[in-house]
Each structure stands twice: as C-alpha cells, then as structure tokens.
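Here the structure is laid out as structure tokens; the discussion comes afterwards.
The values are calculated or read from the model by the stated rules, or taken from the named source; none is laboratory data. A quick note: this is a predicted structure, and the numbers were derived from the prediction, not measured. Glycine gets a Cβ as well: all are built from the backbone with ideal geometry, and neighbour counts include every protein chain shown. Areas reflect the complete protein model, heavy atoms only, side chains present, ligands, DNA and RNA absent. Shrake-Rupley method; radii C 1.70, N 1.55, O 1.52, S 1.80 Å.
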Amino acid sequence: MPLASYSDLTSTISSYLARSDLDSIIPTFISLAEQRLRRELRMRQMLVTAQATTTGGDSTVGLPSDYLEMRDIHVVGNPNGQLNYESPNAFYKRNTSTESGLPKSYTVLAAELQLAPIPDGAYGLQMLYYAQPPFLSTTTASNVFLAYCPDALLYAALGEAEPYLMNDARLQTWGTLYERAINAISVADQSGEYSGQPMSMSFN
C-alpha cells in the first residue's frame, strides 16, 4: 500500500501491528514519531526562507513560529552581510551590551535571535532555516515527512507503538529499520545537494 496520505499511514500501522482495536491511539504514535523526526532529521525539503527587520536599539528579533534550526542568515544589502553564529557563551563573552552598528554575529536564545552589535537602525534580515512540518491529522493529509521519508515515519511510529503494546521484543527491529532509513535519507540529501557541483582538481 502506498503511503500517500494520513489515512494510508494509519491503516498501514494497524496492518503491521496486526491489530484492529488501536484506532484511537495510533494518532498518538504518529505524533510521537513526528516529534522524533523533528529532533533528528534535517533534509533540504524542510528548508524555507523568511524575512525580518531589526529595530534600532533592540538586539532581539523573533524567530518564525515553525523554526527548528538555522541554515543561513544575512543582512540584506549590496553586498549582503553574512551573520556569523556564536554559541550563547561565546556571544556574551565577545560582545558588549552597548556597542551598536551593523549586526555581524548572532546567537539563538529560546524563540529569539540575539544580534551583535545592537542594530542602530532598521536592517532587513534574510533567513534560510529548517522548518517544523505541520503535524499530520485528518485535516492535514500529508507533510514533508510523509512525502519524502514515509519509511522513517512508519518505523518511528511502530517503535512508539510497541511499548504501549508491551511488546518490547520488536523495539530493536523497528529501531534498526528507522536508523537505516534515516542514514539513507541523510546520504541521499547530501548527494542531491552537491550533485550539481562541478568536479575540481587540485595539484600540489
């Protein structure tokens, strides 16, 4: 059975588990599986762009509500100015709370970007980030996970089901299949991202 929709996925999980009495709990297995994929999987199909504008005297900019992880961010200009990421510890050691100007670095705290220097005016920011796909449901028939990695989603959901069914013997099976799927997706994603790059040769 192709996994083209949320209904397909719930039916397939029921078939794999050989149970017909789990209709009320299978959505929970799927939601837990999606949470796991949000934490563990990054692929280019999850990338989206967003724009924001700084406010003079304010070092913070709110992150998009579906933000997972930053891939690239720069200040829009001619040329664009790349913002460099720093860990929170390094960010606060290196930057003062009074310096202002064109932002050059950032860190992420909770749901905000912290910029340094503190913007001295309105600057446009262009973000490329990994976004959280919407959760599957009866009203959301598909998402990035189901469209591009249905095997990983299925195995993750089955892995969530076995403890509920007190069938721990199957956990390793689904765990192994899940890890194999995640590794294959990551390899394919890297190959797809760089396959268009021309080959280069270096001579020592």
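Could you calculate the contour length gain from residue 8 to residue 183, that is, 0.36 nm times the residue separation minus the distance between their Cα atoms, to one decimal place in nm? Don't skip to the end; give the middle numbers.
Numbers: separation 175, 0.36 × 175 = 63.00 nm, distance 2.41 nm.
Full extension of this stretch gives 60.6 nm more.
Return a whole-number percent for the relative contact order of the chain, with Cα pairs under 8 Å and 6 or more residues apart as the contact set. Display every interim value, and only then the final one.
Values: 305 pairs, mean separation 55.7, N = 204.
Here the relative contact order equals 27 percent.
Per residue, how much accessible area does the stretch 68-204 have with a 1.4 Å probe, in Å²?
Numbers: 8170 Å² over 137 residues.
For the stretch 68-204, the per-residue accessible area is 60 Å².
Helix 26-40 against the longest principal axis of the chain: what's the angle in degrees, Cα atoms only, rounded to the nearest 10?
40 degrees
Just for the chain, what percent of DSSP beta bridges are antiparallel, to the closest 5?
Working: 24 of 28 bridges.
Roughly 85 percent of the DSSP beta bridges within the chain come out antiparallel.
With axes computed from alpha carbons, what is the tilt in degrees of helix 171-194 against the longest principal axis of the chain, rounded to the nearest 10 within 0 to 90?
Compared with the principal axis, the helix lies near 40 degrees.
Using +1 at the C-beta of Lys and Arg and -1 at the C-beta of Asp and Glu, which of 164, 60, 46 has the Cα lying farthest in the positive direction of the dipole of the stretch 42-186?
Positive-end residue among those listed: 46.
Roughly how tilted is helix 150-164, in degrees to the nearest 10 and between 0 and 90, from the longest Cα axis of the chain?
70 degrees
Could you pull the accessible area for residue 19 with a 1.4 Å probe, rounded to 10 Å²?
Solvent-accessible area, nearest 10 Å²: 90 Å².
Accessible surface of residue 58 in the full protein assembly, 1.4 angstrom probe, to the nearest 10 Å²?
60 Å²
Distance between Cα centroids, the stretch 100-122 to the stretch 70-88: provide it in whole Å.
For the stretch 100-122 versus the stretch 70-88, the Cα centre distance is 10 Å.
What nm distance separates the two modelled labels at residue 193 and residue 170, each placed 7 Å from Cα along Cα→Cβ?
3.5 nm
How many percent of DSSP beta bridges within the stretch 10-123 run antiparallel, rounded to 5?
On the way: 10 of 14 bridges.
If I count the DSSP bridges inside the stretch 10-123, around 70 percent turn out antiparallel.
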